[in-house]
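One structure is given here, and the rest of the page talks about it.
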Amino acid sequence: MPLSRLNEEQKRAATADLGHNLIIASAGTGKTSTIVARIAYLLQNGIKPEEILLLTFTNKASKEMIDRVSRYFNKDIVSKIEAGTFHSVSYRLLKRNGAKIVLKQPKELKILLKSIYEKRNFSHIEAKTKPYRYAYLYDIFSLYQNSSEQNFSTWLANKNPDHEPFLDIYADILNEFKSLKEKFGYVDYNDLLLNIIKEAKTNKFFFKEILVDEYQDTNPLQGRVIDSFQSDSLFCVGDYDQSIYAFNGADINIIGSFKQRYKDAEIFTLNKNYRSTAQILSLANRVIKKNPRIYKKELIVTKNHQDIPPKLFVFEEVCEQYEQVAKKIKFSSTYKEEIAVIFRNNSSADGIEASLRELGISCKRKGSVGFFETKEIKALLNIVTLLVNPKDIMAFVNVFEYAKGIGSVIGKEIFEALYKLGNGNAIEGLINYDKSIKNPFGKKIHNYQLGLFDDFEDLGSVARFRDLGFDENFLSNPILKHPKISKDGAKFIYSLYGFIKSTKRIKSPYKIISHIINSQLFDSIATTLSKQRALRGNKTVVDNELAQQIKQNIIYKGKILLNIAKNYDMIDKFLNALVLGSSEITEGEGVNLLSIHASKGLEFREVYIIDLMDGRFPNKKLMSQGGSLEEERRLFYVATTRAKELLYLSFAKYDKIKKIQYSHSPFLEEAGLIRV
């Protein structure tokens, strides 16, 4: 059983009495083994699997732990354990209780917010600063939801007083945004947590113990979720020195105040490191000890590999650094999949990736645009979503991004008109509209104080489309009276109309996606994307040969999705699986290029930490925006402790492209690699 494989510290933690237990698990000390053993211990001692809740920061982590528990217990028993991220668990519990919700990615909801935001005019307001753009307004509101329970306007006024003149417009935009989300059943990740807290007040979720991984990175909203379940027993595993998610509202005081909040709390410390060599750990600890100590710990090295000291490389110029690091990787005897290049700023990734590829070294870059984030795959999935849920305004607006002359504002207006024409069903509004409705657009709203102004007053004539070969049913649809729909826009709507009519009886995910790939609608989208990507000559001339190659690649990606769809028999399960899990899917092979946040929880035989220049790491720009030197130091600790045997650090003195002189990172002094 799992307990027999533990050291004494791990065993003491895993067999602790029910209650409030905090396990301080430093990098490489076997926290996963301890959590697995704890679950096994609970099951052995009569706790039912459905009374156990495991919360992790990735679905991959929870799957790994549950798979390991399955080696010792019947899978029918283990499958009843509720396990996953805060968001995936909340989603399942809400669905189980009958909630009708449609989970949307932040990028999608930002487009919906944009359609509301762009109806506003801020020019009549005098202020010291410019208003937030829609995307940043979404992000700042998300940070607020994760970190505070006070009124948003009050919170923002305290955080950034220069934006006080815009608060009424911001609030009105966000209220309209909230109403639209509620109307169509949309939720984002924060809404899942807010909704589960609300649900727990009326329908209590009974868990005898809640296990929380990466407890140091919980934010106040996640803390409220844990509290809402009202369990008498918590088993929280984390490391104060690895708290690196302040930008997402993570509050290090949650782990720091555990003993004060729970008077019966027991604190356990895992001291034996099974990952890194003594010299790597020594370097990491010399730096992190500069931070305030909350929980005492003294790591014991157990690794018997050859103890090679970490090395520092100093280069005259940034590009030279990337080239030389790439050359060192080329001649390394380590398997490329066991090598990682880690960086503080995503801008570092482009240079190192280019240098590696120039030498013919394959690499994969986590955090860049992945398969499910490409425009063609998102468009394809939005078309599927429209068929499944005709009330989905976001899917509609996203699809209409590819209709010439129709942006998010007009796309939203068209959807709302079709929604009205179809009596709550936009597809019916397009195919079989209510002929008693002559003007589905309604009157515009004026509100000078809130920045609302008219876009148009008069409807247009459908006569301008009579020469385009549309059938009479489509041509008589009042939607075509929108004065800002061009002929190209009307053709796009007609291709959607024809596609939907031909797809009515298709149900399986595989057949639906196959039908989309072969449709005029997707062909139009693929053509638009390929032309955009094949622009040459100062973005004015399309390279037709290149465009054709790009289009074939777009169709190929569609076929990859078609292959994934084979594994699903129901379209809603297919869509939900992709929304909840796509961010954890990575493509490619070879050397791992990772931001420090993306490297969390991973380990590699050979690690390179690049661009260790003062200003870039620690990142002074982010520190000035609310970060701290302590958080930057924790990031350095996380980066260095990804290495098992070989650790290389590097910096450059000059950037010839940006024409910036650099000095070394102060962390290199703290590590003892540079003497001043």
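The values are calculated or read from the model by the stated rules, or taken from the named source; none is laboratory data. Only a predicted model underlies this, so the values are computations on that prediction, with no experimental measurement involved. Quick reminder, even Gly has a Cβ in these numbers, built from the backbone with ideal geometry, and neighbours come from all protein chains shown. Ligands, DNA and RNA are excluded from the accessible area calculation, which covers all protein heavy atoms including side chains. Shrake-Rupley method; radii C 1.70, N 1.55, O 1.52, S 1.80 Å.
The table that follows gives values for the structure above.
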item: Probe 1.4 Å, accessible area per residue of the stretch 204-312, Å²; result: 44
item: The chain: antiparallel DSSP beta bridges as a percent of all, rounded to 5; result: 15
item: The stretch 218-376 - convex hull of alpha carbons, volume per residue in Å³; result: 196
item: Across 80/336; 181/658; 63/531; 11/60; 95/412, pairs whose alpha-carbon gap is larger than 32 Å; result: 80/336; 181/658; 63/531
item: Ellipsoid equivalent to the stretch 150-308 - semi-axes via the Cα gyration tensor, in Å; result: 38, 22, 15
item: Added length on full extension, which subtracts the Cα-Cα distance from 0.36 nm per residue, residue 247 to residue 531; result: 98.5 nm
item: Angle in degrees between helix 278-288 and the longest Cα principal axis of the chain, rounded to the nearest 10; result: 70
item: Members of 110/178; 183/507; 511/566; 438/491; 183/504 lying beyond 19 Å, as alpha-carbon distances in this model show; result: 183/507; 438/491; 183/504
item: Packing rank of 641-653, 342-354, 471-483, where each peptide gets the mean count of other beta carbons within 10 Å, highest leading; result: 641-653, 342-354, 471-483
item: Cα-Cα P(r), the stretch 41-161, percent of pairs per 5 Å interval; result: 2, 8, 12, 14, 15, 11, 9, 8, 8, 6, 3, 2, 1, 0
item: Whole-number accessible area per residue in Å² for the stretch 1-122, which is evaluated in the context of all protein chains at 1.4 Å; result: 42
item: Calculated over the stretch 126-173: convex hull of Cα atoms, volume per residue (Å³); result: 69
item: Calculated FRET value between residue 266 and residue 573, using beta carbons and R₀ = 45 Å, to 0.05; result: 0.65
item: Accessible area in square angstrom per residue, the stretch 482-572, 1.4 angstrom probe; result: 57
item: Rg/Rh (Cα only; Kirkwood hydrodynamic radius) as it applies to the chain; result: 0.99
item: Hydrodynamic radius of the stretch 122-213 per Kirkwood, over alpha carbon pairs, in Å; result: 15.5
item: For residue 649, distant residues with modelled amide H under 5 Å away; result: 311, 312, 313, 609
item: Angle in degrees between helix 106-117 and the longest Cα principal axis of the chain, rounded to the nearest 10; result: 50
item: Accessible surface of the chain, 1.4 Å probe, proportion on carbon and sulfur as whole %; result: 49
item: Cross-link partners of residue 484 among aspartates and glutamates (Cα-Cα below 17 Å; sequence separation of 8 or more within a chain); result: 118, 401, 413, 416, 454, 455, 457, 458
item: Förster radius 60 Å - calculated FRET efficiency between residue 475 and residue 150, Cβ distance, rounded to 0.05; result: 0.65
item: Gain on full stretching of the segment that runs from residue 544 to residue 388 - 0.36 nm per residue minus C-alpha separation; result: 52.6 nm
item: Inverse of mean 1/r across different Cα pairs in the stretch 35-77, Kirkwood, Å; result: 10.7
item: Proximal lysines to residue 656, defined as alpha-carbon separation beneath 24 angstrom and excluding residues fewer than eight positions away on the same chain; result: 327, 328, 620, 621
item: Surface/4 estimate of mean projected area, convex hull on alpha-carbon atoms of the stretch 603-676, nm²; result: 5.7
item: Long-range Cα-Cα pairs in the stretch 475-543 (distance over 16 Å), rounded percent; result: 61
item: Inter-label distance for residue 290 and residue 354, nm, one decimal - labels placed 7 Å from Cα along Cα-to-Cβ; result: 3.1
item: Listed residue (105, 411, 547) projecting farthest to the positive dipole end of the chain, Cβ model; result: 547
item: Size of charge dipole - the stretch 249-289 - debye, nearest 20, with Cβ of Lys, Arg +1 and Asp, Glu -1, no other charges; result: 160
item: Heavy atoms of residue 302: accessible area, 1.4 Å probe, square angstrom to 10; result: 50
item: About the Cα centre, charge dipole magnitude for the chain (Lys/Arg +1, Asp/Glu -1 at Cβ), debye; result: 840
item: Acute angle (nearest 10 degrees) that the helix 318-330 long axis makes with the longest principal axis of the chain, alpha-carbon atoms; result: 70
item: Modelled FRET efficiency - R0 30 Å, residue 654 with residue 345, Cβ distances, 0.05 increments; result: 0.95
